[in-house]
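One structure is given below, encoded as structure tokens.
The values are calculated or read from the model by the stated rules, or taken from the named source; none is laboratory data. In this text, all values refer to a predicted model and were calculated from it rather than measured experimentally. Neighbour counts are summed over all protein chains in view; Cβ atoms, including those assigned to glycine, are modelled from backbone coordinates with ideal geometry.
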Amino acid sequence: VVVAADQGGAVELADFQYDLHDKAQMVQPYGLWRRLRREVPALRSDRYGGFWFVGRYEDVRNVLIDHQTFTTSDGVSLPRFPTVMLPLEVDPPLHRKYRALLNPLLAPQRVVEHEDWIRREAKRCVEAIAGRSEFDAYSDFARPFANRIALRLLGFPEGDLGQLEEWTHTLIAGTRDDPVSLEVGAKFVTYLVRILEERELAEPAEDIISVIAHGEVDDRPLTPDEKLSLLQLMTQGGLSTMSATLAGALVWLADHTEDRTRLRADPNLMVTAVEEFVRYVSPTTQLVRTAVDDTALGGCPIHRGDKVLFGIGSANHDEDAFDRPDEVVIDRYPNKHFGFGAGPHRCVGSHFAKLGLRIGLDEFLQVFDDFELADRDALRWHVGEARELESAPMKVANK
Ligand code: HEM
């Protein structure tokens, strides 16, 4: 199962150095997070120049909502990315101006216009594995489906999607500074710069690349750096988060026949189920803010300039906020999780992501009646700010 209920129990918290990039800690962190919520609500770590980790629902909520005390402008990752990610790493009021460009295209009433082609992509991706008795739920289905729809939404040319899918996967799977990531990263940036220039010369259109290419803030055109940064985050923000949620959902459903049966019998349940899969999987699992004033979290003083790593995955599994937090309850309602964040930086792509996940799961369940994990030990994870499944081999028995 995705959540192993009781790990972390053996850790000596007094000497413990929390490390978001340490696979040994992060592959199954739920037991550790449970203990930290109870025993050390604000834990100091010396890694990456020093930071606090907080994982209680209420503390995570405060960090997300109170952007005046907790800024993103000093980065949201550890260590910090070398370039500024827009619109994430700027505070209001400037932040609102960037969001005003993006929000209209991703509002719920606009997103539903994409339903037909998303469904065609889902059918195509399911058909590609339909005859097989074994496949990898992540690399053979969730990843190609999620990446293609996210890239197509942004307005990349159909013919480039395969290459882009490969590049973005390499970047997501690699560490940030290994030679392959650096080489692919350079090619990717060159490609994005070229496509932005092309769209700038073309008439303004409705796709996201075009809106960024022709975008303005404060009555001036966006600079080339602003355009590149916005497009890069829009490209990278959606791909692995959606594929990881989809793969995590399929792993849960592989183990829970009754949920598969209920979802097939009543597709309306997909709405609450997808929300719940985002809570349960929490692919963007921990992020960073910097305190701009002296304050307190979990009863512990936090000083101006301190980095705070806040646990979205931990808050989303906090027993004080959710009944049966380590289970998927497909009709859970209300479900006030932080899987998409909260406050000013709440995910701009959440409506699109939920629509894509609903359609992907729906098409998958229509073709695959019975499937199970081929090898529980073969589940593979990428860890860091994101905690994402990247391999999930399944055995299937077709209808
Ligand atoms: C299941 C899928 C997704 C999850 C779990 C997810 C999660 C998140 C989270 C937690 C944040 C808040 C970050 C913070 O407060 O520091 C965020 C912001 C963001 N997401 Fe998503 N995301 C998903 C899909 C997408 C998609 C499909 C797109 C693009 C089409 C996207 C683009 C962005 C952008 C641009 C931001 C920054 C918003 C801002 O700073 O105002 N995300 N996302």
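Residues in segment 343-358: is at least one touching a Cys at 6+ places or on another chain (Cβ under 9 Å) and in a helix (DSSP H, G or I)?
First, the residues of segment 343-358 that are touching a Cys at 6+ places or on another chain (Cβ under 9 Å): 353.
Next, from what is left, pick out any that are in a helix (DSSP H, G or I): 353.
Scanning segment 343-358, I find at least one residue that is touching a Cys at 6+ places or on another chain (Cβ under 9 Å) and in a helix (DSSP H, G or I), so the answer is yes.
Just one of the numbered conditions (1) within 30 Å of TRP381 (Cβ to Cβ); (2) more than 12 Å from the ligand (Cβ to nearest atom) is not true of PRO108; which one?
(1)
Considering only segment 244-323, give the helices (runs of 4 or more DSSP H) lying wholly within it that have at least 1 residues that are under 30 Å from VAL40 (Cβ atoms), touching a Cys at 6+ places or on another chain (Cβ under 8 Å) and charged (D, E, K, R). Can you show your working first?
Details: elements: 257-265, 270-281, 312-315.
Counting at least 1 such residues, we get no helices (runs of 4 or more DSSP H) at all.
With PRO344, PRO334 as the choices, which residue is at pLDDT 95 or above and either among the small types (Gly, Ala, Ser) or more than 9 Å from the ligand (Cβ to nearest atom) (or both)? Working first, answer last.
Values: PRO344 fails: either among the small types (Gly, Ala, Ser) or more than 9 Å from the ligand (Cβ to nearest atom) (or both).
Going through PRO344, PRO334 in turn, just one is at pLDDT 95 or above and either among the small types (Gly, Ala, Ser) or more than 9 Å from the ligand (Cβ to nearest atom) (or both): PRO334.
Any idea how many residues of segment 45-94 are at positive phi and either buried (at least 16 other Cβ atoms within 10 Å of the Cβ) or within 12 Å of the ligand (Cβ to nearest atom) (or both)? Even if it seems obvious, please write down each step before you answer.
Residues of segment 45-94 at positive phi: 48-50, 75.
Of the ones still in play, those that are also either buried (at least 16 other Cβ atoms within 10 Å of the Cβ) or within 12 Å of the ligand (Cβ to nearest atom) (or both) are 48, 75.
Qualifying residue count, segment 45-94: 2.
Can you say whether GLY384 is at positive phi and within 16 Å of the ligand (Cβ to nearest atom), as far as the supplied structure shows? Write out each step before concluding.
Details: at positive phi: yes; within 16 Å of the ligand (Cβ to nearest atom): yes.
It is true that GLY384 is at positive phi and within 16 Å of the ligand (Cβ to nearest atom).
Need a quick list: helices (runs of 4 or more DSSP H) entirely within segment 87-172 having at least 1 residues that are within 29 Å of SER77 (Cβ to Cβ).
On the way: elements: 94-102, 108-111, 115-127, 143-154.
Output list reads 94-102, 108-111, 143-154.
Give GLY349, GLY339 a once-over and let me know the one that is under 13 Å from the mean Cα position of the chain (by Cα), within 14 Å of the ligand (Cβ to nearest atom) and within 25 Å of PRO29 (Cα to Cα).
Working: GLY349 fails: within 25 Å of PRO29 (Cα to Cα).
Result: GLY339 is the single residue among GLY349, GLY339 that is under 13 Å from the mean Cα position of the chain (by Cα), within 14 Å of the ligand (Cβ to nearest atom) and within 25 Å of PRO29 (Cα to Cα).
Looking only at segment 100-118, count every residue that is surrounded by 16 or more Cβ atoms within 10 Å (Cβ to Cβ) and either of a type outside the set (Val, Ile, Thr) or out of contact with any helix residue (DSSP H, G or I) (no Cβ under 6 Å at 6 or more places or on another chain) (or both) and tell me the total.
Matching residues across segment 100-118 total 5.
Filter segment 359-383 for residues that are crowded, with 19+ Cβ neighbours inside 10 Å and either assigned to a loop (DSSP other than H, G, I, E, B) or free of Cβ contacts under 8 Å to residues at least 12 places away in the same chain (or both) and give the result.
Narrowing segment 359-383 to residues crowded, with 19+ Cβ neighbours inside 10 Å: 359-361, 363-365, 368, 371, 379, 382-383.
Answer for segment 359-383, where residues must be crowded, with 19+ Cβ neighbours inside 10 Å and either assigned to a loop (DSSP other than H, G, I, E, B) or free of Cβ contacts under 8 Å to residues at least 12 places away in the same chain (or both): PHE368, LEU379, VAL383.
Here's a check for you: in segment 245-274, which residue that is within 16 Å of the ligand (Cβ to nearest atom) and of a type in the set (Ser, Thr, Tyr) is nearest to TRP381 (Cα to Cα)?
In the first step, residues of segment 245-274 are kept if they are within 16 Å of the ligand (Cβ to nearest atom); the result is 245-252, 270-274.
Among the residues that remain, those that are also of a type in the set (Ser, Thr, Tyr) are: 245, 272.
Details: THR245: 12, THR272: 26 Å.
Here the residue is THR245.
Out of segment 275-294, which residues are farther than 20 Å from LEU20 by Cβ, more than 10 Å from the ligand (Cβ to nearest atom) and among the hydrophobic types (A, V, I, L, M, F, W, C)?
VAL292
Kindly indicate whether any position in segment 204-213 is in a helix (DSSP H, G or I), under 18 Å from the mean Cα position of the chain (by Cα), on the phi < 0 side of the Ramachandran plot and crowded, with 17+ Cβ neighbours inside 10 Å. Even if it seems obvious, please write down each step before you answer.
Keep residues of segment 204-213 that are in a helix (DSSP H, G or I), which gives 208-213.
Checking the rest, the ones that are also under 18 Å from the mean Cα position of the chain (by Cα) come to none.
Scanning segment 204-213, I find no residue that is in a helix (DSSP H, G or I), under 18 Å from the mean Cα position of the chain (by Cα), on the phi < 0 side of the Ramachandran plot and crowded, with 17+ Cβ neighbours inside 10 Å, so the answer is no.
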